[in-house]
1. Full extension from residue 147 to residue 89: what is 0.36 nm times the residue separation minus their Cα-Cα distance, to one decimal in nm?
2. At a Förster distance of 25 Å, what's the computed FRET efficiency of residue 161 paired with residue 131, Cβ-Cβ distance as r, to 0.05?
3. Would region 36-184 count as rounded, prolate or oblate if I go by the C-alpha gyration tensor, calling it rounded below 1.5 in a/c and otherwise prolate when a/b exceeds b/c, oblate otherwise?
4. Please list, in order, the residues from region 80-104 whose amide nitrogen is less than 19 Å from a point placed 7 Å along the Cα→Cβ vector of residue 116.
5. Decide, for region 57-124, between rounded, prolate and oblate: order the square roots of the alpha carbon gyration tensor eigenvalues as a ≥ b ≥ c, take rounded if a/c falls under 1.5, and otherwise choose prolate if a/b is larger than b/c, else oblate.
Ligand SMILES: *[C@@H]1O[C@H](CO)[C@@H](O)[C@H](O)[C@H]1NC(C)=O
Ligand SMILES: *[C@@H]1O[C@H](CO)[C@@H](O)[C@H](O)[C@H]1NC(C)=O
Ligand SMILES: *[C@@H]1O[C@H](CO)[C@@H](O)[C@H](O)[C@H]1NC(C)=O
């Protein structure tokens with residue numbers, strides 16, 4: 001009898017160790033293979049077809065992707081959704097030259113990695129990759145509680161769920177295109193004028209991939225919870241066996 005109890009106690013301990021290990025694995029960050037695939041991150045988000053196209057057309061995909069390897073500061077990308085582009089005034093982007101379109105995209109990228117916690121306390125304005133003769137174009141961040149807002153001076157919006165928040169690259173969803181004052185401010189040469197209401201190729205081809213955006217990380221969380229529940233079940237079962245054996 002004492003021997004069986006001993007075996008069972010050993011078995012219990014063994015299970016506890018397994019359980020602890022499973023938990024540790026569930027909580028550990030996903031293994032980083034070193035190579036960050038920006039397109040894959042955006043595609044997984046499911047609502048960034050326009051952004052991917054603009055990043056690609058302006059050669060920024062290649063630029064960011066290659067600089068991620070060498071830039072020791074990392075990058076942060078504020079990723080406007082397809083809806084954000086669709087909600088722009090019709091033709092807004094038609095007024096921009098190719099060079100200005102590149103600047104608009106660059107304005108959504110900072111040459112530094114910021115976690116959401118960093119953004120809550122960062123000192124303004126924050127440098128972006130976009131710049132003109134007057135230097136780098138900045139973004140202002142304001143935080144309240146856990147909510148971070150970003151302002152371009154022309155638009156203000158919330159910094160939403162993180163598609164990725166792991167050095168060297170952070171990607172956050174924004175529901176508005178960040179229009180820089182330098183291009184869209186009152187006095188800017190490219191300020192949208194009410195004439196020419198013809199539809200823009202920028203806004204006509206979007207919105208097909210609306211689909212079912214899944215907030216990133218949700219699946220992982222579910223898996224973790226399931227694992228913990230299973231672990232708990234095992235412990236409970238073994239505990240009952242132990243109690244039965246000891247009584
Ligand atoms: C980027 O553009 C090139 C040339 O237009 C195209 O072949 C490629 O598939 C595009 N890549 C992505 C990720 O959209
Ligand atoms: C953030 O912006 C939203 C509107 O987009 C506004 O309601 C909220 O008060 C702002 N929060 C902060 C901290 O500025
Ligand atoms: C950021 O805030 C400063 C100080 O309030 C202001 O002068 C500047 O215009 C703001 N810039 C943007 C992009 O909002």
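Taken together, the values in this text are just the output of simple stated rules run on the coordinates, not laboratory data. Because the structure is predicted, anything quoted here is derived from the model rather than measured. In this analysis, Cβ positions are derived from the backbone assuming ideal geometry, glycine residues included, and neighbour counts consider all displayed protein chains.
1. So the extension gain works out to 18.2 nm.
2. So the FRET efficiency works out to roughly 0.30.
3. rounded
4. Of the residues in region 80-104, 80-81 have backbone N under 19 Å from the label point off residue 116.
5. oblate
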